[in-house]
Amino acid sequence: MSCPSQWSEPIVQVQMLSEAENQVIPNRYIKPLTERPCITRSNDNLNIPVIDLFGLINGDNATQKAIMDEISIACREWGFFQVVNHGINDELVDEVREVWREFFHQPIEVKQEYANTPKTYEGYGSRIGIQKGAILDWSDYYFLNYLPSNLKDHKKWPSQPPFLRDTTEEYSKKIVKLGKIMLKVFSSNLGLQKDYLQNAFGGDDIGACLRVNIYPKCPQPDLTLGLSSHSDPGGMTFLLPDEHVSGLQVRKDGEWITVKPAPHAIIVNIGDQIQVLTNAIYKSVEHRVIVNPNKERVSLAYFFNPKSDVLIEPATELVTLKTPALYQPMTFDDYRRFIRIKGLHGKSQVDSLKSQR
Ligand code: OGA
Ligand code: NI
């Protein structure tokens, strides 16, 4: 099973559909009834936890411990939380989102110079999964590699607007720093050696890649989704949401909760690989994106992943007679290929890894 080098049918940019200002969306974007967004008002006041990281580096031992405990509870109970005072300054956070918004607002010819293929997905794209005739999501995106450094190629990043490469580079550096801190915190919280998860991810050779999503205005938001329900395949994700337009929903106890982002917060969530490594003590949580009739939304999802060729399996420290290994070992490369071919489908991928017993 390998990824083809071309798409099986012509690509339609959702931004173009949106700009055409038709009152109805094409059938290909209409989701089956059971997948369509429904607004459940009873959950309006629920939100994922907000955790202030200020004292994690600077605080005394007791403060550090209290913050680590908050993270531990959020990982076990939600798999999703937002962090503030995360070490990435407010200006940079706003700038990186706006510079990418500017990229998407350029003429189609400029963007198409970076059109992607299913081979690596790098560049400007409008679909995930290659199945001909599949129902599509109401979004376009740009995908790029940052780590390992041999995969980073600035020439594959947009050259316009002028500061995009520098700003993205600076933001990436900060995200990687935050990611390494989080891996340490998760390891300690699980009772593992501080460096356990970083080493399991491949030591210095971890992967980091960015998907910038644009969800254009949609005339019939009740019929479609910006991003179908999925769990993130990688290790963990750092999502910079659009502060002024909500859209991300997280599944909690069977209900969809709309995330209300705190100012300049970054959303952290557990991916499938950490679910496997922790033998499901931490779970990757299903999430999706709903769209809006009169506002577009831009978000940056930074995926922190294991090196592509190391085997990912439950930590032996977390496997006991009472809690036997739930998953068979698999490399992240093999795992990701599955998704790149099939597209996003809830949590079916991680469940398919379950050991036969
Ligand atoms: C993703 C994702 C959510 C969002 O890119 O995997 O879940 O709010 N994005 O854009
Ligand atoms: Ni996601």
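The values are calculated or read from the model by the stated rules, or taken from the named source; none is laboratory data. These figures come from a predicted structure and were not determined experimentally. Using ideal geometry, Cβ is built from the backbone for each residue, glycine included, and neighbour counts are taken over all protein chains shown. The protein model used for the area step is the full one, side chains on, heavy atoms only, and it has no ligands, DNA or RNA in it. Shrake-Rupley method; radii C 1.70, N 1.55, O 1.52, S 1.80 Å.
Can you tell me how many residues within the stretch 299-323 are buried (at least 20 other Cβ atoms within 10 Å of the Cβ) and either aliphatic (A, V, I, L, M) or more than 16 Å from ligand 2 (Cβ to nearest atom) (or both)?
The total comes to 6.
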Margin query: Looking at the structure I just gave you, is ASP44 in contact (Cβ under 8 Å) with a residue 24 or more places away in the chain and exposed (fewer than 14 other Cβ atoms within 10 Å of the Cβ)?
Written below: yes
Notebook entry, point to check: Could you list, in sequence order, the residues of the stretch 161-202 that are open to solvent by 70 Å² or more (accessible area, probe 1.4 Å) and in a loop (DSSP other than H, G, I, E, B)?
Noted result: PRO162, PHE163, GLN193, LYS194, ASP195
Next item on the list: Just need a number here: residues in the stretch 121-135 that are of a type outside the set (D, E, K, R) and either open to solvent by 20 Å² or more (accessible area, probe 1.4 Å) or assigned to a helix (DSSP H, G or I) (or both).
Entry: 6
Notebook entry, point to check: Of all strands (runs of 3 or more DSSP E) completely enclosed by the stretch 227-327, which ones contain at least 1 residues that are over 23 Å from VAL50 (Cα atoms) and either touching a helix residue (DSSP H, G or I) at 6+ places or on another chain (Cβ under 9 Å) or near ligand 1 (Cβ under 9 Å from one of its atoms) (or both)?
Noted result: 227-230, 297-305
Notebook entry, point to check: Failed condition for SER355, given (1) of a type in the set (S, T, N, Q); (2) at pLDDT 95 or above; (3) out of contact with any helix residue (DSSP H, G or I) (no Cβ under 6 Å at 6 or more places or on another chain), with all others met?
Noted result: (2)
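Name the single residue that is farthest from the chain's Cα centre (by Cα) among those in the stretch 84-118 being closer than 16 Å to TYR142 by Cβ and in a loop (DSSP other than H, G, I, E, B).
Checking each candidate, the answer is PRO107.
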Notebook entry, point to check: Any residue at all in the stretch 285-298 that is open to solvent by less than 10 Å² (accessible area, probe 1.4 Å) and either at pLDDT below 95 or of a type in the set (Gly, Ala, Ser) (or both)?
Noted result: no
Note to self: Just the residues that are open to solvent by less than 40 Å² (accessible area, probe 1.4 Å) and free of Cβ contacts under 8 Å to residues at least 40 places away in the same chain, please, taken from the stretch 144-160.
What the structure shows: TRP157
Next item on the list: Being crowded, with 21+ Cβ neighbours inside 10 Å and over 21 Å from HIS105 (Cβ atoms) is the filter here, so list the residues in the stretch 240-256 that pass it.
Entry: LEU248, GLN249, VAL250
Next item on the list: Identify, from the list GLY79, GLY129, GLY125, the residue that is within 18 Å of the chain's Cα centre (by Cα) and at pLDDT below 95.
Entry: GLY129
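Please verify whether THR237 is out of contact with any strand residue (DSSP E or B) (no Cβ under 8 Å at 6 or more places or on another chain), buried (at least 21 other Cβ atoms within 10 Å of the Cβ) and not charged (D, E, K, R), treating the condition exactly as stated.
no
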Check: Just checking, which of LEU277, LEU225 is within 16 Å of ligand 2 (Cβ to nearest atom) and modelled with pLDDT of 95 or more?
Finding: LEU225
